[in-house]
């Protein structure tokens, strides 16, 4: 067999073994249909393999093994969780399972929120048109079998419909209590025309997790998404964010990641309506056995849209940072404004930054650019600060923080940005 | 001009620019054919053909073995599918792998003995095979500059000019088949040492069936007294050209090498799979310039050359330097990534490229800079222009290995789109495995950079002048890297009056 056919066969065999070992969860007609469709996608695609171009810089094995690896719990040393100071609707998951006891009652004006476990048992639900739909669309041009696997097997998650302008954010909190848990969480979010929603996510989730969030932002609506993938050294996981941005709609998503053995954050955004806007940003600090991968795909499929990607990584002592980002501009998407920057600061010699920033452009009246840089702390900047009497450690900390600040600046509400910035500073100080 | 009417005109892209771009494929200058009797090897590819090519070149046993090894590896390989190219399936059995003008059956002693028809071909192309001092297009240059030429016609080299003068300096410049006969030790030592037989699908094919190409050896400390040039011409129909070029620059030497190529207009596509290997030793420098003007196919995308080329330079020792400059205007499909292995400390690699794709042309081209040595430096400047229904992709790799500390890369890729049916794409790979190296990559796709315009305007230029200046600069960065003789040809070729047109 020639190499390409052999790889495909291997991937399909691996999928078959995995699918055989798991039973499809029982549920109502609408979700059963979505799960079956996802299963056939997985069998067709096969499981991700390190030899896939799309997994060039990240070995997916830890995410696709039939048994997840154990991960020791992280001692937060009494540190308060992120976002704790804000008034919010708390929705708590423990090891990927919804915990009503720790959560607020699921009631908030302008919001309809139902656990997936509950909705899946009914015959019909508004989420039926969305569940698995964006995930299925995201399978082209590259295959994302992990996300299909999630659609097929997830029983946990929230179905959230925002119809107004709720007074407080919805806060999804992911706690960990087990060293073994293998979590699959699937959220569906629909922000109706003119509505404004903010969803906060924080916590390590589980020893291994596979998360999908499908978001539909209707005409003129705004969706703010702020995610802090906590500090947790040994867990591994993949999070997928699939967003369809409608006419004149807005998306702003920010992710903070600190450590983790293997974290892959995928975002697939379609700017389907004219004048839409999508901003995706991320700040990452990694130390030691840390592998972090941001994979972003933005498709300009309508005219006059704007997109912006800002990714910053600070890495040291063996940490590996990956950025794969692509802007695809369809022929119809004239007057596109697309921008992408990915930068890494390598604090000592054995850190690595691997990037593949891509542009694919079929419209001529566009302004698209990307930049990518990697290097150590600029000795001139350091010298400038030291010459003004700032001790070296302090000066380095300042420079690292200001480097990350450009990504944090992408958060619209400065109160959240400040909360995350303080957290980052404390972590960096502690680690010296 | 129907295609022109179809093309939606945008504000700021003036008609003249569009027309000039449109006209480029329509008026391919070198599309004529030389009517000459040819000697073909039988159609198709198998071990017997490989053996036949080897015996036609009077090759030693080891080289035949080397070819057969490559052929057997090729059979287990697949044509690469990762480039953004839509390639019609190639039937490798429908090609001729060896074609030689009949009159060349007896090897001519010098160029004076070569069939006048063949000499005419080159004269018509403007390639000076008589050791004349001046090149067309540079009349009035203060001093005549000499350029030695190796002319390759289908599968054979016709001859090389200025051999005597070069020999006096110790420089060897001849066809690779001649080098195999006269300098087997050099060929054996370096052939395949930069691009191994199984490097990729097309390199393996080339290793099995390569026919001719140029061989250059510059001894230690010698600055080559003139520019060296190879001119490739595909003439015969259904014939693939598989040339192999090997350049060796010994310690402290310098050479500037030029390469040009054309082919007749035909309805069917033709295959060109070349390999260029460059070995650069301590303190040596090689400058390699290409103007690639293979037949690009007609305005409906019929015919044209499939150009699958593996070019690589190995800066094997400290302070070696290599510079690639390419102007890619021809070929229906271009698949080409001239690369630099920066193995020694303080080595330098450069890549300057202009790629123009018009009508139905597809180009997927770029470079690889592999930094292995400390303090190595590389610079990439790529300009892509797409028009018609063409697809133009920059694909590149910058890799900083853990030991390549204090290294530096700067990459700039700019794309210009003319018309709304073409595409411009950028696919860079950036791999940084040590902290002290600095890597910067920038890519833009737009008409004219607003910041640059603003800069000009704020210094008192009116908009027209500012646009002219900025757009003029779009290609110049690369054009100025070409040796003068080539710059003239390239400028004429680019021939797109960008001035004042895009804004």
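For the reader, a short list of remarks on this structure follows.
- Boolean, residue A:381 is touching a strand residue (DSSP E or B) at 6+ places or on another chain (Cβ under 7 Å) and more than 7 Å from every other protein chain (Cβ to nearest Cβ): no
- Scan of the stretch B:373-388 for residues that are assigned to a loop (DSSP other than H, G, I, E, B) and either within 19 Å of the chain's Cα centre (by Cα) or under 28 Å from residue B:320 (Cα atoms) (or both), ordered by number: B:373, B:374, B:375, B:376
- Verdict on residue B:283 being at positive phi and in a loop (DSSP other than H, G, I, E, B): yes
- When every residue of the stretch A:66-87 is checked against the conditions, at least one turns out to be under 20 Å from residue A:24 (Cα atoms), in contact (Cβ under 8 Å) with a residue 12 or more places away in the chain and touching a helix residue (DSSP H, G or I) at 6+ places or on another chain (Cβ under 7 Å).
- Residue within the stretch A:64-72 that is on the phi < 0 side of the Ramachandran plot and in a helix (DSSP H, G or I) present: yes
- Annotation for the stretch A:300-307: no member residue is surrounded by fewer than 24 Cβ atoms within 10 Å (Cβ to Cβ), within 16 Å of the chain's Cα centre (by Cα) and in contact (Cβ under 8 Å) with a residue 24 or more places away in the chain.
- Just one of the listed residues (B:325, B:334, B:329) is out of contact with any helix residue (DSSP H, G or I) (no Cβ under 9 Å at 6 or more places or on another chain) and surrounded by 24 or more Cβ atoms within 10 Å (Cβ to Cβ), and it is B:334.
- Residue list for the stretch B:213-244, filter: outside any strand (DSSP E or B), within 30 Å of residue B:282 (Cβ to Cβ) and touching a strand residue (DSSP E or B) at 6+ places or on another chain (Cβ under 6 Å): B:213, B:224, B:226, B:243
- Top-ranked residue in the stretch B:50-65 [being surrounded by 15 or more Cβ atoms within 10 Å (Cβ to Cβ) and out of contact with any helix residue (DSSP H, G or I) (no Cβ under 7 Å at 6 or more places or on another chain); ranked as nearest to residue B:101 (Cα to Cα)]: B:56
- Flag for residue A:365 being modelled with pLDDT under 95 and within 11 Å of chain B (Cβ to nearest Cβ): yes
- Pairs meeting the criteria (first residue in the stretch B:420-432 and within 7 Å of chain A (Cβ to nearest Cβ), second residue in a loop (DSSP other than H, G, I, E, B) and crowded, with 24+ Cβ neighbours inside 10 Å, beta carbons under 7 Å, at least 6 apart or on different chains) are B:420/A:364.
- Tallying residues that are surrounded by fewer than 19 Cβ atoms within 10 Å (Cβ to Cβ), in contact with a strand residue (DSSP E or B) (Cβ under 7 Å, 6 or more places away or on another chain) and either free of Cβ contacts under 8 Å to residues at least 60 places away in the same chain or in a helix (DSSP H, G or I) (or both) within the stretch A:404-427 yields 2.
- Residues that are in a strand (DSSP E or B), more than 14 Å from every other protein chain (Cβ to nearest Cβ), in contact with a strand residue (DSSP E or B) (Cβ under 6 Å, 6 or more places away or on another chain) and modelled with pLDDT of 95 or more occur in the stretch A:312-334; there is at least one.
- For the criterion of being in contact (Cβ under 8 Å) with a residue 60 or more places away in the chain, surrounded by 15 or more Cβ atoms within 10 Å (Cβ to Cβ) and facing chain B (nearest Cβ under 9 Å), residue A:345 fails.
- Single condition residue A:254 does not satisfy, out of (1) at pLDDT 95 or above; (2) within 14 Å of another protein chain (Cβ to nearest Cβ); (3) touching a strand residue (DSSP E or B) at 6+ places or on another chain (Cβ under 9 Å): (2)
The values are calculated or read from the model by the stated rules, or taken from the named source; none is laboratory data. Owing to the predicted nature of the structure, the values given are computational and were not obtained by experimental measurement. Every residue, glycine as well, gets a Cβ built from its backbone with ideal geometry; the counts of neighbours run over all protein chains shown.
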